Amino acid sequence: MAYPHGELLRSPSVWQPVSAEEAWRLKREIGTGASFVAGGTLLRTQWEAGLAPYPAHMIDLTGVAELSGCGPVDEEDGGWRIGAITTLAQCRSHAGLFAAYPLIMEAARTIAAPAVRNLATIGGNALSRTGDMATALLALDSELLWQNDAGTVLEPLSDWLDRERAGLSGAPGLLIAILLPAACRMPITPNARRRCAFHKVGRREAFIPPVVNVALNVELDGDGAVADIRISAGGGTMIPARLAAAEALVRGRLPDAALLEELHAVVMGEYAPMPDPLVGEDYRRMTAANLAAAALWQASGAGGRGPGEGEKPCC
Amino acid sequence: MLLNRETSGGRWRIRPDGTGKVTGKLAYLTDLSLPNMLIGRVLRSPHPHAYIRRIDVSKALAMPGVHAALTAKDVPGLNRFGIARPDYPVFCEDRVRFIGDAVAAVGAETAELAELALAAIEVEYEPLPVVDDPERAILDDAPLLYPEGNVFHRNEFKFGDIEAGFAAAAHIVEETYSTPRQMHTYMETEGGLFVPGEDGRLTAYSPTQHGFMDRMQLSRILAKPEAEIRVVSSPIGGSFGGKDELNVQPYGALLALATGRPVKLHNSRWESVRAGLKRHPMKIRMKTGVDADGRLVAHRAYVVADKGPYSTLGAEVLNFATEHVVGPYRYGAVDVDTVSAYTNNGMSGEFRGFGGNQAIFALEGQLDRLAALLGMDPWELRRRNLRQAEDPGPLGQPISVTGGAGQVWESLAGSALWGRRSDPALRSSSTAPWLLCGIGSAYVMHGAGLGVGIPDPAGGRLELRADGKIEAAFGYEEFGQGLIASLTQMLVEMFGFAERDIVVTIGDTDVVPDSGSTTASRATSMMWQSLRRMRGPFGGKLLEAASVALGKPADALALGEGGIRAAENGRLLMNYASLAASLAASSAQPIRTQTRFSYPTSPVDRVGAHYMYSYAAVAVEVEVNTLTGRVRVTDQYHAVAAGPVINPQGYLGQIEGGSSMALGFALTEDAVMDGGHYVTKNLDTYLVPTIVEQSGGVTVDAIEELPEGDEHGPRGIGELGSVGLAPAIAEAVYQATGKRVSKLPIDPALLQERFRFD
């Protein structure tokens, strides 16, 4: 039977490009009616909720070779490249990645639930802006490798998030990979004093988006002073950001009680959550400040249990 | 007895329906399809409160592939439903009173087409002021949902001189408690398949907790004799009270009859949240006084329940709360007033615990606060005030005597978890000083059965079928609680049958007797009673028939696994199939026994008063993270006195499952509304506990002992586990943090502290 509503009732066309260049070209040709789909876990919730239109064309990214793979860029550089369609389950269980950048695993283990992590990708989570991965990647000075008309373009994650925050929205292309710098890689030597921590608070203990998340990546010198530090935070609908004032406050100083008290106050002021009908702003500021300051307190002290819950193998 | 796999020994049996459920092979009723079926959808009001000025379905009806678009004028019979009081419109005629209200329904060839057809229906509304606060709803100046006013139901219970009691009190605690709009969150949302037969009959394959009640109500709506309606209602993917009332059935039935084709409806989770029942949110104000020795001298309670727009079982829930805000204690004087108010909020209705969860949260909170003022151990304060075994019930009514009250008190007092309270290791560690631990407890006395003045029939049937199977037929439902397993276990243990000898028939009004509803913690008790009544007659008939067939005296024979056995040595003499065949050959009457009786009630003239009670004591350990204010439950101990354990797995499942619902009630679950609209529209914001929330241990002590000569056997446990955990958590949080929780779910902001680094 032919329906007058045929167009509306039709299943979407599914395109299966094999290269990033082809995928991007398809998107350009079809336009706004096309949607890139990798894991599709977030998209399907948006379609169901009516937050995004159900696309007439889906561009399946799972066959694009450049988008997969996870490992060192090359032997000399020491940095890593994570293909955009690497699943969160892979991020969670990749031994080499865990040794080099434990923050990625720490963030991945807090996202969604096992069945979702088997499908959801690191690229999709990072580009959602409000998941947990962007916060962790910010604390690692990550860069995004885009495919667009100009070919491939590399830009710092923080630059892209800054543009998003300014309302200059839209991805400047197809995300191919996330690059992690050698400078943020965990030292191989056992007495190294780099510490990292990822803390997430949701309205439930698991399978829940973040109300607040905080990532800490700190290097202490021989005297215990902060040699280098990156603190990022997100949660709710805010776009995650580095806490630059907080970082500046503690850099070069000994994280003693007085400094941690100061740090707490600075984070309370600097962390800028968006309105949320279910969670108060004061609570979220206090949570961010508590978690950030307590994480540095733990990183500088004896270690042990993390401020969130349970064992934190990366600290 | 600590109840677990080890202590249960050979009684720990694999559920007959377990394999199908864990492998996904079992087809639920909402999995059913027919080749020619239509998809039904319901158009619901976008407004919490409005007049309907015009409804026009002509554009929807004109769409090819759309076979029906029904409104109120298409209902041939009563355009209302409701178990207790039929005031819930199938389709609203001229006014909508909440955002789940139905105004039209369509049947179309595909789900997408049905969706488009809904969008093509034109409805003109004139919005009315929204009544979204039950306390304000009953003030004189509130907009009215009904000309008679917004008071749906009131109740009260009073005795003694309350003012004199307060005057004599050494300590008085006044507090207001609030409880959330909890959702049942069954995994299977409401739905069903509705099939018109060539013989003019209609079959509704749709979950419910009482098939005959659905049949009666559908008969009333359709103006069709009950005999022409068949309700097939099990298996069910969870209900917890939420599917007891009709939900999609009227629409499916009307659409099927209007189109002459099978119609399937299955609510999305979104629609289930919007239209489905929730636990009545309650605000409970209490003022309670004790003397210097800790005797409760005066107790005042005022309960306001948020009814939503229609009755459902709201009056019965309020009556239950009226009884349970008094609960398990003795008082010098009591003064209870309760009111349930109509609002334009979501639809409240029955939910596991039935008003007891809210009442006990408040009452136990009072006891804990009073204990702190007295400087007394909170469990000792309870002991001093507990009703004794021979005491009347909360409403002064005679109740069945058990020693349960004292037994669960003793069990908890002696538990390892409760003993840890004085352990210094409970205090927080030096590496994470923000983690604080505490232990709390609560006491529960929970009534079962529907109560005085409400028809509460019970019964069942046993039959030796022609194929030699022993068929047990009951009008009860399997919604995950393990009813089939419990019934099978009773047949095995009471009669000596093997599991393979038995066929359980439930959930089909064409073939089962009316056993009353599968609600109010009553089904296992009533199956046990039924089998006890039928054991003599049915077993006797089997042995008599075997005696004739075998030519041996009946007293030399015994029922056993596989067939009739020699009483003296257990040797198999004749299997049940041979016995059935010999009956058929001799043209004897089939062997069949049926029983019918009613749930026992208290001999008082007070509607809803209960006669059979179960008792529970709950201890819980929590860990509060003061950086985040979040609470984790790390250990639970449940002492339960409810008579014999019929099915160890089922019993444990009820207590663990119930406590998991209580955990959500305490920590995460609330269907938040704003101006009559749900803010939490799906399971991404309405949060049931995950396995992480439930990672702590759960120990259950099942106290089976009953007084000599007890006639009633197993008491209900279906709801009990869902009641006590929340107040126990609140007290444990107080012990950890020094902060009192009076509103659920617990707001982490209340428990959060600015961390100090010195």
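Computed from the coordinates by the stated procedures, all read-outs in this text should not be read as laboratory data. Since we're looking at a predicted model, the values are computed, not measured. As a convention, Cβ positions derive from the backbone with ideal geometry for all residues, glycine included, and neighbour counts pool all protein chains shown.
The table that follows gives values for the structure above.
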| item | result |
| --- | --- |
| Amide H within-cut-off set for B:Val698, under 5 Å, with H built and near neighbours excluded | B:Gln636 |
| Two-site FRET efficiency, B:Glu226 against B:Phe597, from Cβ-Cβ distance with R₀ of 25 Å, rounded to 0.05 | 0.65 |
| Rounded Å value of the spacing that divides the Cα centres of region B:719-758 and region B:156-179 | 24 Å |
| Region A:122-191-region B:455-534 distance, computed between alpha-carbon centres (Å) | 62 Å |
| Antiparallel %, DSSP beta bridges [both residues in the protein assembly as shown], to 5 | 80 percent |
| Selection from B:Leu436, B:Phe212, B:Asn385 lying farthest towards where the dipole of the protein assembly as shown points positive, charges on Cβ | B:Phe212 |
| Sparsely packed GluC sites (Glu not before Pro) within region B:368-439, loop by DSSP, other Cβ within 10 Å at most 14 | B:Glu390 |
| Rh (Kirkwood; distinct C-alpha pairs) - region A:194-300, Å | 13.8 Å |
| Farthest toward positive dipole pole in region A:109-221 [+1 Lys/Arg, -1 Asp/Glu at C-beta], among A:Ala182, A:Phe198, A:Thr130 | A:Phe198 |
| The protein assembly as shown shape via C-alpha gyration tensor axes, a/c threshold 1.5 | prolate |
| Karplus (6.51, -1.76, 1.60) ³J(HN,Hα), θ = phi - 60°, over region B:251-256, in Hz, Gly and Pro reported as x | 6, x, 5, 5, 5, 5 |
| Region A:74-184: proportion of alpha-carbon pairs further apart than 15 angstrom, % | 62 percent |
| Projected label distance in nm at B:Arg154 and B:Ala581, using a 7 Å step from Cα toward the beta-carbon | 7.2 nm |
| Relative contact order %, chain B, counting alpha carbon pairs below 8 Å whose residues are six or more apart | 16 percent |
| Options A:Gly63, B:Ile454, B:Tyr51, ranked by Cα towards positive dipole end of the protein assembly as shown, top entry (Cβ charges) | B:Ile454 |
| Loop sites in region B:487-537: chymotrypsin sites (Phe, Trp or Tyr not before Pro), DSSP, at most 13 other Cβ within 10 Å | none |
| Dipole moment magnitude, nearest 20 debye, the protein assembly as shown about Cα centre, only Lys, Arg, Asp, Glu C-beta charged | 1160 debye |
| Cα-based equivalent ellipsoid, chain B: semi-axes from gyration tensor eigenvalues, Å | 41, 38, 23 |
| Residues whose placed amide H lies under 5 Å from that of A:Ala177, excluding near-sequence neighbours | A:Ala84, A:Leu145 |
| Share of alpha-carbon pairs per 5 Å distance bin for region B:593-682, given as whole % | 3, 8, 12, 13, 14, 15, 13, 11, 7, 3, 1, 0, 0 |
| Footprinting exposure proxy for B:Thr176, B:Thr595 (fewest neighbouring C-beta atoms within 10 Å first) | B:Thr176, B:Thr595 |
| Full-extension gain in nm, B:Leu572 to B:Arg201, via 0.36 nm per residue minus C-alpha separation | 129.0 nm |
| Contact order relative to length of region A:74-184, as percent, for alpha carbon pairs under 8 angstrom and 6 or more apart | 33 percent |
| Under Karplus coefficients 6.51, -1.76 and 1.60, residue-wise ³J(HN,Hα) of region B:496-502 in Hz, glycine/proline x | x, 5, 8, 4, 6, 7, 10 |
| Members of A:Lys27/B:Lys264; B:Lys21/B:Lys681; B:Lys73/B:Lys243; B:Lys224/B:Lys469; B:Lys264/B:Lys743 lying beyond 31 Å, as alpha-carbon distances in this model show | A:Lys27/B:Lys264; B:Lys224/B:Lys469; B:Lys264/B:Lys743 |
| HN-Hα J in Hz across region B:563-579 - Karplus 6.51, -1.76, 1.60, θ = phi - 60°, x for Gly and Pro | x, 7, 10, 6, 4, 7, 10, x, 5, 6, 9, 7, 7, 5, 5, 5, 4 |
| Dipole magnitude of region A:194-300 about its Cα centre (Cβ charges: Lys, Arg +1; Asp, Glu -1), debye to nearest 20 | 380 debye |
| Centroid-to-centroid separation of region B:607-682 and region B:1-75 [C-alpha atoms, Å] | 26 Å |
| Residue range of chain A that is longest and free of GluC sites (Glu not before Pro) which are both DSSP loop and sparsely packed (at most 10 other C-beta within 10 Å) | A:77-310 |
| Assigned charges on the beta-carbon of Lys, Arg, Asp, Glu; region A:14-60 dipole about Cα centre (debye) | 80 debye |
| DSSP bridge orientation in region B:294-407 - percent antiparallel, rounded to nearest 5 | 10 percent |
| Cα gyration tensor shape for region A:13-67, rounded if a/c is under 1.5, else prolate or oblate | oblate |
